[in-house]
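The values are calculated or read from the model by the stated rules, or taken from the named source; none is laboratory data. Being a predicted model, the structure only gives us computed values, none of them experimental. Cβ atoms come from the backbone with ideal geometry, glycine included; neighbour counts cover every protein chain shown. We work out accessible area using only protein heavy atoms, side chains counted, and drop any ligands, DNA or RNA first. Shrake-Rupley method; radii C 1.70, N 1.55, O 1.52, S 1.80 Å.
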Amino acid sequence: HNGFFWRVDKQHCMAEWENDNWTSSMDFVLLGIRDVPILQNLLFLLLLMIYAVTMVGNILIVVLVVADRHLHTPMYFFLGNLSSLETCYSSTILPRLLASFLTGDNSISAHGCMAQFYFFASFATTECYLLAAMSYDRYLAICQPFLYASLMTWKVSFHLAAASWLGSSLLLLVVTVVFSQVQFCGPKSIDHFFCEFSPLLELACSNTRVFTLVVFIFAFLDLICPFLFTLASYVCIIAAILRIPSSTGRQKAFSTCSSHLTIVTVFYGTLFVVYMLPRTAPLRQLNKVFSFFYTILTPLVNPLIYSLRNREVREALRRMIRKATTCTHNYVGDTGKRHFLFL
Ligand SMILES: *[C@@H]1O[C@H](CO)[C@@H](O)[C@H](O)[C@H]1NC(C)=O
């Protein structure tokens, strides 16, 4: 789209806008990854695989955390909660994207777009809050070990998780209501693979100054506050770890928070690159690539990091596999006949 058509379209729509409200009846087209037609099939398979591994991995972690009583601690309660969040988070984007690969239909209704924006942004905010709650948990465990049990009780951890889910869904409800007041006209194609707010905002033809202000305030609450909180916790944690005299003690303390620190770094790192990079033409593709990281790869790497790096999760997994195999052995051995009859 060059500037000329953009301007013509804009004027055209301004005229039309006067007599009927068509924001709600308008469909958007997600341009997404259409620029590489040869790679479509390969990309489809890759995304399908990523989605399958994300779902299986995260659901497995939730099952482990719920079923294994060695993992019944606040730290793993938060991990289970984060994993259940990641399944939702990934499901706001990938199924729609995969379906559009299959059907070749890239359009999305205005309401669908708003819904996608709401759910995606509210889950992303929940993730920021949960990561902050997890770092607070690690801060207490490492810096206040004697107060840990009395400060991080079940009730507190349950409330922190509930507040993350509730708070972010309410905050984003406000943002989405304000956002839905913005009028869209002009070219209806969103240069992104999902309804992200900055590519959408570029299509607005009404005055977006109020909305931009609202977004700044909320971005502060959603993103900057939990980020600063997490950063502060980790500064304290690392200072405390460096003060431990023995190197094995240092390693032990660090190992309890290294998986979480890795996830925090990946998530915020890519998020900040996406929102800090100016949306100029050459950087736009790079922006999409980084959006891909924080929307699609973060939920994938979370269970991988925990299952590869965290000894307790690995052991819980081993216990579950052992239990599952002995169960089926017993079942086949003892009740082989009955099993056969049932078949
Ligand atoms: C996550 O936290 C919420 C609110 O505290 C709770 O209702 C839910 O059961 C938790 N989910 C998991 C999988 O632990």
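Across the alpha-carbon atoms of the chain, the computed radius of gyration and Dmax are 23.6, 78 angstrom. Considering only Cα atoms, the convex hull volume of the stretch 188-252 works out to 115 Å³ per residue.
As an equivalent ellipsoid, the stretch 229-327 spans semi-axes of 32, 24, 8 angstrom, where each value is the square root of five times an eigenvalue of the C-alpha gyration tensor, largest first. How far, in degrees from 0 to 90, does helix 94-103 lean away from the longest principal axis of the Cα atoms of the chain, to the nearest 10? Value to nearest ten degrees: 50.
Helix content alone sets the calculated 222 nm mean residue ellipticity of the chain: runs of n ≥ 4 DSSP H residues at -39500 (n - 2.57) each, divided across all residues, give -25000 deg cm²/dmol.
For Val29, the residues whose modelled amide H falls within less than 5 Å of its own, excluding neighbours fewer than 5 places apart on the same chain, are Ile108, Ser189, Ile190. The value obtained for the stretch 112-202, namely the Cα convex hull volume divided by the number of residues, is 103 Å³ per residue. Relative contact order, whole percent, for the stretch 16-335 stands at 25, derived from Cα pairs under 8 Å and 6 or more residues apart. What the chain shows is 53 Å² of accessible area per residue, with the surface traced by a 1.4 Å probe over protein heavy atoms. Simple rule: put +1 on each Lys or Arg Cβ and -1 on each Asp or Glu Cβ in the chain, find the dipole, and look at Leu64, Pro187, Val214; the Cα lying farthest toward the positive end is Leu64. A Gaussian network model of the chain, with springs between Cα atoms under 10 Å, assigns the largest mean-square fluctuation among Phe293, Phe123, Phe272 to Phe272. Computed over protein heavy atoms with a 1.4 Å probe, the carbon and sulfur contribution to the accessible area of the stretch 16-335 reaches 71%. Distance from the C-alpha centroid of the stretch 157-181 to that of the stretch 203-221: 17 Å, rounded to the whole angstrom. The order of Trp165, Trp154 by accessible area, most exposed first and with a 1.4 Å probe, is Trp154, Trp165. Nearest 10 degrees, 0 to 90: what angle lies between the long axis of helix 225-243 and the longest principal axis of the chain (Cα atoms)? Roughly 30 degrees between the two axes.
Charge dipole (Cα centre; +1 on Lys/Arg Cβ, -1 on Asp/Glu Cβ; no other charges) of the chain amounts to roughly 1480 debye. Using Cα atoms only, what is the angle between the long axis of helix 281-292 and the major principal axis of the chain, expressed in degrees (0 to 90) to the nearest 10? The angle comes out at about 30 degrees. Over the stretch 52-107, the hull volume per residue, using the convex hull of the C-alpha atoms, is 58 Å³.
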